[in-house]
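Novice: Dumping the structure here so I can ask a few things about it.
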Ligand code: GLP
């Protein structure tokens, strides 16, 4: 695992956007796995700036989702599909045709999760998967005690994660209890994993991920198993290392 400590979130975003730009330049139809939450926004802003400035052509790149809430109506502004369309697809000048993810409003959610796992493989696998980290060490929505070999499936959120994500909704009651998430085993199949963590609130989770034992109690520690994992942290998030 490669650890890169950067001064702040903007520098982390710029560094990772440069790595993504290099990948897309080398492989124009690369499949980019994107994450939601606040942390990756500087990456998407830096990437969009490169596209707007004419330094980067992402027109053939493909984008896929890491996870999705279950039960939000189609088009809900906080569904992760809507978030990725707003924060990634539109700013990069891509269209929905370049983007796929699991349907959290599907009638048969379990079947939808399996189908999404297969769709990722059928698309040739993820070239670069962006990850954030939950304060409890989760990646995607793989909460502590998720199997390190898990596949894409339905999961129940912990109360802590619902509280952490309540800021995107009008009230805690509106935060869904269930999600579809790529499993840890699924995530580990991406060719390059890039985790960004910023801010002091992530310091304990980062320390457990990087320096703690491999443990299902800290899902992000599974990155220790991956041959090409990069963890980018700002100084605050690195303060427990
Ligand atoms: C959600 C997402 C994760 C993300 C986490 C942290 O739980 N499913 O993919 O890493 O939030 O979000 P933030 O970056 O806003 O702290």
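A short reminder: the numbers here are calculations on the coordinates, not readings from a lab. Remember, it's a predicted structure, so these values are computed and weren't measured experimentally. No Cβ is skipped: glycine too gets one built from the backbone with ideal geometry, and neighbour counts run over all protein chains shown.
Novice: Among the residues of region 11-62, how many are in a loop (DSSP other than H, G, I, E, B) and either buried (at least 22 other Cβ atoms within 10 Å of the Cβ) or away from the ligand (no atom under 16 Å from the Cβ) (or both)? Can you show your working first?
Specialist: Going residue by residue through region 11-62, those that are in a loop (DSSP other than H, G, I, E, B) are 27-30, 35-40, 53-61.
Within this subset, residues satisfying the condition of being either buried (at least 22 other Cβ atoms within 10 Å of the Cβ) or away from the ligand (no atom under 16 Å from the Cβ) (or both) are 27-30, 35-36, 39-40, 53-61.
The total comes to 17.
Novice: Right, another one. Is there a residue in region 107-124 that is surrounded by fewer than 23 Cβ atoms within 10 Å (Cβ to Cβ), within 13 Å of the ligand (Cβ to nearest atom), part of a loop (DSSP other than H, G, I, E, B) and over 16 Å from the mean Cα position of the chain (by Cα)?
Specialist: No, there is no match, as no residue in region 107-124 is surrounded by fewer than 23 Cβ atoms within 10 Å (Cβ to Cβ), within 13 Å of the ligand (Cβ to nearest atom), part of a loop (DSSP other than H, G, I, E, B) and over 16 Å from the mean Cα position of the chain (by Cα).
Novice: Inside region 92-106, can you point out the residues that are in a loop (DSSP other than H, G, I, E, B) and either buried (at least 16 other Cβ atoms within 10 Å of the Cβ) or on the phi > 0 side of the Ramachandran plot (or both)? Break it down stepwise before answering.
Specialist: Of the residues in region 92-106, the ones in a loop (DSSP other than H, G, I, E, B) are 92-95, 101-106.
Within region 92-106, 92, 93, 94, 101, 102, 103, 104, 105, 106 meet the criteria.
Novice: What is the number of the single condition among (1) within 30 Å of residue 123 (Cα to Cα); (2) near the ligand (Cβ under 10 Å from one of its atoms); (3) surrounded by fewer than 17 Cβ atoms within 10 Å (Cβ to Cβ) that residue 225 does not meet?
Specialist: It fails just one condition, (2).
Novice: Looking only at region 64-84, filter to residues that are touching a strand residue (DSSP E or B) at 6+ places or on another chain (Cβ under 9 Å) and surrounded by fewer than 20 Cβ atoms within 10 Å (Cβ to Cβ); which one of those is nearest to residue 53 (Cα to Cα)? Spell out the reasoning first.
Specialist: At the first step, the residues of region 64-84 found to be touching a strand residue (DSSP E or B) at 6+ places or on another chain (Cβ under 9 Å) are 64-71, 76, 78-81, 84.
The next check asks that each one be surrounded by fewer than 20 Cβ atoms within 10 Å (Cβ to Cβ); those that pass are 71, 76, 78.
Values: 71: 39, 76: 31, 78: 29 Å.
Ranking the qualifying residues of region 64-84, first place goes to 78.
Novice: Let me ask something additional. Could you list, in sequence order, all residues of region 63-95 that are in contact with a helix residue (DSSP H, G or I) (Cβ under 7 Å, 6 or more places away or on another chain), away from the ligand (no atom under 12 Å from the Cβ) and closer than 21 Å to residue 114 by Cα?
Specialist: Matches in region 63-95: 63, 64, 70.
Novice: Name the residue, out of 51, 70, that is more than 19 Å from the chain's Cα centre (by Cα) and in contact (Cβ under 8 Å) with a residue 40 or more places away in the chain. Spell out the reasoning first.
Specialist: Working: 70 fails: more than 19 Å from the chain's Cα centre (by Cα).
Step by step, each of 51, 70 is checked, and only 51 is more than 19 Å from the chain's Cα centre (by Cα) and in contact (Cβ under 8 Å) with a residue 40 or more places away in the chain.
Novice: Taking helices (runs of 4 or more DSSP H) that do not extend beyond region 156-241, which have at least 2 residues that are in contact with a helix residue (DSSP H, G or I) (Cβ under 8 Å, 6 or more places away or on another chain) and free of Cβ contacts under 8 Å to residues at least 24 places away in the same chain? It would help to see each step written out before you state the result.
Specialist: Values: elements: 159-165, 184-187, 203-211.
Correct list: 159-165.
Novice: Quick check on my filter: what residues within region 131-155 are within 15 Å of residue 217 (Cβ to Cβ) and either outside any loop (DSSP other than H, G, I, E, B) or within 13 Å of the ligand (Cβ to nearest atom) (or both)?
Specialist: 133, 134, 135, 136, 137, 138, 139, 142, 143, 144, 146, listed by residue number.
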